[in-house]
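Structure, as structure tokens:
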Amino acid sequence: MGTSVPQVRTATRRRTILSRMKRERFCYLLILPSFIATAVFCYWPMYGLLLAFKDLKLRQGILGSPWVGLKWFELMFQDPTFLQAIRNTLIISFGKLIYGTFACILLALLLNELRSGIYKKVCQTLLYLPHFLSWVIMASIIYNIFTMSGGLFTKVVTNLFQREPIQILANPAYFRTLVYISDIWKGVGFGTIVYLAAIAGIDPELYEAGIIDGASRLQRVLFITIPCIKGTIIILLILSMGGVMNAGFDQILNLYSPNTIEVGDIIDTYVYRRGVQGQQYSYSTAVGLFKNAVNVLLLMTVNYFAKLIGEQGLY
Amino acid sequence: MKRSIGETVFDLFNVLFIGLLSIITIFPFWNVAMTSFVKSNEFYTRTFILWPREFNFSAYYYIFSTRWIASGFKVSTIVTVFGTIYNMFLVVTAAYGLSKKTVPGRNFFITYFIITMYFGGGLIPYYLVVTKYLKLTDNLLSLIITGGLSVYYFLILKNFFNELPVSLAESATIDGANEFVILFRIILPLSMPAIATLLLFNAVGYWNEWQKALYFIVDDYKFPLQMILRKIVIDPNSATAMRAEMNTAYQNLVGGTDETLFDEAVKAATVVVVTTPIILVYPFLQKYFAKGVMIGSIKG
């Protein structure tokens with residue numbers, strides 16, 4: 001053994017902060033790589049937010065570029081494409097939220113009624129798979145199905161139903177529906193996990209009491225299961241509200257096309273087109289900042305309401 | 001308890017319905033796989049292709065002979081392996097370093113990381129940092145190290161470390177071990193399930209990643225597989241070197257009328273090639289993720 005006094009934690013109160021820091025110096029070493037990585041790739045870009053109020057001249061860098069105050073923000077709200085993007089973002093977000101939550105809960109309830117066994121496990125395995133594949137893969141499969149030249153959907157419509165082929169891809173009329181359905185296809189299986197866990201947490205005695213009282217299976221689901229997971233449903237809904245400004249950048253970027261910009265363009269894709277492709281750096285930074293700010297406000301509001309109804313919040 | 005007729009009917013329908021749903025979920029994948037294995041006449045005439053009448057591997061011969069599948073595979077593998085190592089290194093070190101409650105400034109650091117989950121500079125400043133300041137355009141590093149700490153995984157692992165009994169580390173310290181030894185000899189072996197879970201999720205994430213390549217990579221032959229797939233199927237008009245190569249190859253091999261090699265089959269074969277690694281890994285994912293999701297999502 002080393003010194004005669006073992007390093008007992010209870011004596012920390014008497015030690016100064018500096019000596020504690022010295023003792024835990026290895027921990028600081030451990031934190032250092034992450035600290036630096038986060039500083040470079042998360043905080044440095046935050047400094048770049050200044051661009052939202054400047055007009056970036058690349059040669060002069062961020063500091064040297066002239067200030068323009070709120071010019072970009074004024075411009076933003078005069079751009080009909082941007083306003084359209086806000087509209088689409090909100091519509092698509094809420095649509096996915098409502099349809100998706102409904103589908104997940106319904107599927108979770110049905111899965112719960114299945115007897116445990118191999119069949120159930122196999123089905124769940126199949127249902128979870130799309131969650132692990134990228135949207136590039138999912139979109140490619142969607143193209144394969146809906147393509148006008150030989151796609152499965154097209155063949156079914158023309159051969160089985162004897163009708164004219166219907167164009168789904170690049171068709172503004174069906175775009176949002178495509179987004180909702182593909183989102184459910186990809187996410188419903190995995191989404192049931194949280195609800196299944198909540199259902200599994202319900203006290204079996206409640207069900208027994210229900211059976212004794214003569215409740216049918218349907219009544220047990222309606223009056224025991226659903227009320228018991230009500231808390232989970234609400235908290236998940238509320239937390240999802242915090243992400244309403246992100247309507248699924250990955251998905252939309254892979255599914256949309258020039259024809260469907262009108263109905264499908266969301267704020268993130270707008271920023272991408274203007275910023276990365278169009279190289280309007282300052283302007284799109286401003287748009288991004290606007291979205292971020294709204295996001296933060298939403299999250300704080302959402303967190304407040306979550307705590308208000310007695311659930312643990314985000315932070 | 002006696003089951004009523006209604007219940008039995010419901011059970012039957014439920015079993016069938018969920019089975020149908022599972023099949024519908026998988027069938028598009030199957031359809032793509034079938035597309036890759038048939039000749040064009042079969043593809044255009046048969047509505048439902050459950051099994052090819054005639055197996056045709058031309059699409060696969062073709063794409064494996066191209067430069068871009070080979071390069072895509074190489075790039076994706078490099079990025080996945082090194083990216084996962086890098087990411088896990090960050091997550092494990094930060095999670096362990098901040099799991100001990102006796103570290104001064106602990107809350108400051110945790111908040112420092114958590115803030116990045118909710119607020120950031122947005123796409124454009126991030127893009128500018130990587131391309132203009134770090135000058136990582138067309139560099140594979142831009143796919144591996146750009147991103148900071150994965151705070152979500154960090155929190156999960158930190159909580160996991162917190163659950164381990166403190167006495168373990170304490171008794172080791174009393175025995176004279178320093179932090180290094182504690183971390184490697186005691187904590188890590190105990191945390192293998194959690195770390196394995198995060199490692200798998202991380203690897204899948206890197207394999208599926210394509211947006212960074214979209215922003216930062218210009219050279220067709222430095223694209224990961226996901227970008228290659230995107231260029232072939234979703235965004236064919238913007239591919240330059242690759243598309244030109246494909247068109248000439250079609251003409252050379254095909255004369256434009258070959259039944260064995262056609263566009264949809266090539267696209268489908270690419271999808272199959274890109275998806276297969278994930279499917280191979282999927283059983284292992286399955287084994288871990290039910291527990292993994294529990295660690296993370298259920299609070300309190």
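Report, by residue number, each residue of the stretch A:75-103 that is free of Cβ contacts under 8 Å to residues at least 12 places away in the same chain, under 23 Å from A:Ile261 (Cβ atoms) and assigned to a helix (DSSP H, G or I). Lay out the reasoning, then the answer.
Initial filter on the stretch A:75-103 (free of Cβ contacts under 8 Å to residues at least 12 places away in the same chain): A:77-80, A:83, A:87, A:98, A:102.
From what's left, under 23 Å from A:Ile261 (Cβ atoms): A:77-80, A:83, A:87.
A:Phe77, A:Gln78, A:Pro80, A:Leu83, A:Arg87, listed by residue number.
If we only count helices (runs of 4 or more DSSP H) wholly inside the stretch B:124-174, which ones have 1 or more residues that are buried (at least 22 other Cβ atoms within 10 Å of the Cβ) and either in contact with a Lys or Arg (Cβ under 7 Å, 6 or more places away or on another chain) or at the interface with chain A (Cβ under 9 Å from one of its Cβ atoms) (or both)? Working first, answer last.
Values: elements: B:141-144, B:151-163, B:166-174.
So the answer is B:141-144, B:151-163.
Every residue in the stretch B:9-22 that is facing another protein chain (nearest Cβ under 8 Å) and either within 25 Å of B:Val271 (Cβ to Cβ) or out of contact with any helix residue (DSSP H, G or I) (no Cβ under 6 Å at 6 or more places or on another chain) (or both), please.
Narrowing the stretch B:9-22 to residues facing another protein chain (nearest Cβ under 8 Å): B:10-11, B:14-15, B:17-19, B:21-22.
B:Phe10, B:Asp11, B:Val15, B:Phe17, B:Gly19, B:Leu21, B:Ser22 - these are the residues of the stretch B:9-22 that are facing another protein chain (nearest Cβ under 8 Å) and either within 25 Å of B:Val271 (Cβ to Cβ) or out of contact with any helix residue (DSSP H, G or I) (no Cβ under 6 Å at 6 or more places or on another chain) (or both).
Tell me, yes or no, whether the stretch B:74-86 has at least one residue that is assigned to a loop (DSSP other than H, G, I, E, B) and buried (at least 16 other Cβ atoms within 10 Å of the Cβ). Please lay out each step first, then the result.
Within the stretch B:74-86, the subset assigned to a loop (DSSP other than H, G, I, E, B) is none.
Looking through the stretch B:74-86, none of the residues is assigned to a loop (DSSP other than H, G, I, E, B) and buried (at least 16 other Cβ atoms within 10 Å of the Cβ).
For the stretch A:106-146: of the residues being crowded, with 21+ Cβ neighbours inside 10 Å and not in a helix (DSSP H, G or I), which is nearest to the other protein chains (Cβ to nearest Cβ)?
Among those that are crowded, with 21+ Cβ neighbours inside 10 Å and not in a helix (DSSP H, G or I), it is A:Ser134.
Considering each of B:Phe43, B:Phe89 in turn, give the residue that is assigned to a helix (DSSP H, G or I), farther than 23 Å from B:Tyr206 by Cα and within 14 Å of chain A (Cβ to nearest Cβ).
Values: B:Phe89 fails: farther than 23 Å from B:Tyr206 by Cα.
None of the other options fit; the residue is B:Phe43.
Look at A:Leu196 and say whether it is over 25 Å from B:Lys231 (Cα atoms), in contact (Cβ under 8 Å) with a residue 24 or more places away in the chain and surrounded by fewer than 21 Cβ atoms within 10 Å (Cβ to Cβ). Lay out the reasoning, then the answer.
Working: over 25 Å from B:Lys231 (Cα atoms): yes; in contact (Cβ under 8 Å) with a residue 24 or more places away in the chain: yes; surrounded by fewer than 21 Cβ atoms within 10 Å (Cβ to Cβ): yes.
Yes, satisfied.
Residues are listed down the side, and each one gets a yes or a no for (1) modelled with pLDDT of 90 or more; (2) closer than 30 Å to B:Gly148 by Cα:
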site	(1), (2)
A:Pro6	no, no
A:Thr16	no, no
A:Arg23	no, yes
A:Leu32	yes, yes
A:Trp44	yes, yes
A:Leu51	no, yes
A:Arg59	no, yes
A:Gly64	no, yes
A:Val68	no, no
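For the stretch B:92-123, name all the residues that are hydroxyl-bearing (Ser, Thr, Tyr), touching a Phe, Trp or Tyr at 6+ places or on another chain (Cβ under 7 Å) and not in a helix (DSSP H, G or I). Walk me through it before giving the result.
Step one: list which residues in the stretch B:92-123 are hydroxyl-bearing (Ser, Thr, Tyr), which gives B:93, B:96, B:99, B:102, B:111-112, B:116, B:118.
Imposing the further condition that a residue be touching a Phe, Trp or Tyr at 6+ places or on another chain (Cβ under 7 Å) reduces the set to B:96, B:99.
Selection gives B:Ser99 alone.
Please pick out the residue among B:Val266, B:Val273 that is over 17 Å from A:Gly150 (Cβ atoms), at pLDDT 75 or above and among the β-branched types (Val, Ile, Thr).
Values: B:Val266 fails: over 17 Å from A:Gly150 (Cβ atoms).
None of the other options fit; the residue is B:Val273.
Can you go through A:Val287, A:Val271 and tell me which one is within 12 Å of A:Phe82 (Cα to Cα), within 9 Å of chain B (Cβ to nearest Cβ) and in contact (Cβ under 8 Å) with a residue 60 or more places away in the chain? Break it down into steps so the answer makes sense when it comes.
Numbers: A:Val271 fails: in contact (Cβ under 8 Å) with a residue 60 or more places away in the chain.
After ruling out the rest, the residue left standing is A:Val287.
Quick one: is A:Asp183 in contact with a Lys or Arg (Cβ under 9 Å, 6 or more places away or on another chain) and of a type in the set (D, E, K, R)? Break it down into steps so the answer makes sense when it comes.
Details: in contact with a Lys or Arg (Cβ under 9 Å, 6 or more places away or on another chain): yes; of a type in the set (D, E, K, R): yes.
Yes, satisfied.
Inspect all residues belonging to the stretch A:218-238 and state whether any of them is more than 27 Å from A:Leu111 (Cα to Cα), more than 10 Å from every other protein chain (Cβ to nearest Cβ) and in contact (Cβ under 8 Å) with a residue 60 or more places away in the chain.
Here is the first cut: in the stretch A:218-238, the ones more than 27 Å from A:Leu111 (Cα to Cα) are none.
Scanning the stretch A:218-238 turns up no residue that is more than 27 Å from A:Leu111 (Cα to Cα), more than 10 Å from every other protein chain (Cβ to nearest Cβ) and in contact (Cβ under 8 Å) with a residue 60 or more places away in the chain.
Which ones in the stretch A:29-45 are surrounded by fewer than 18 Cβ atoms within 10 Å (Cβ to Cβ) and facing another protein chain (nearest Cβ under 7 Å)?
The one that is surrounded by fewer than 18 Cβ atoms within 10 Å (Cβ to Cβ) and facing another protein chain (nearest Cβ under 7 Å): A:Pro33.
Quick grid of which residues meet (1) among the charged types (D, E, K, R); (2) buried (at least 19 other Cβ atoms within 10 Å of the Cβ); (3) within 26 Å of the chain's Cα centre (by Cα):
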{"residue": "A:Asp55", "(1), (2), (3)": "yes, no, no"}
{"residue": "A:Gly69", "(1), (2), (3)": "no, no, no"}
{"residue": "A:Leu83", "(1), (2), (3)": "no, no, yes"}
{"residue": "A:Ile86", "(1), (2), (3)": "no, yes, yes"}
{"residue": "A:Leu90", "(1), (2), (3)": "no, no, yes"}
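Checking the condition in contact (Cβ under 8 Å) with a residue 60 or more places away in the chain and either surrounded by 15 or more Cβ atoms within 10 Å (Cβ to Cβ) or not in a helix (DSSP H, G or I) (or both), which residue from B:Trp68, B:Trp51 passes?
B:Trp68
Within the stretch A:148-173, take every residue that is within 7 Å of chain B (Cβ to nearest Cβ) and either surrounded by 14 or more Cβ atoms within 10 Å (Cβ to Cβ) or of a type in the set (Val, Ile, Thr) (or both) and give me the one that is nearest to B:Ile49 (Cα to Cα).
Of everything passing the filter in the stretch A:148-173, A:Leu152 is nearest to B:Ile49 (Cα to Cα).
Could you please tell me which pairs satisfy a Cβ distance under 6 Å, a separation of 6+ or placement on different chains, a first residue in the stretch B:93-108 that is within 8 Å of chain A (Cβ to nearest Cβ), and a second residue that is in a loop (DSSP other than H, G, I, E, B)?
B:Ala94/B:Leu149; B:Val103/A:Glu24
The values are calculated or read from the model by the stated rules, or taken from the named source; none is laboratory data. It should be emphasised that the depicted structure is a prediction, and the values quoted were computed from it without experimental measurement. For neighbour counting, all protein chains shown are included, and Cβ atoms are generated from backbone atoms with ideal geometry for every residue, glycine included.
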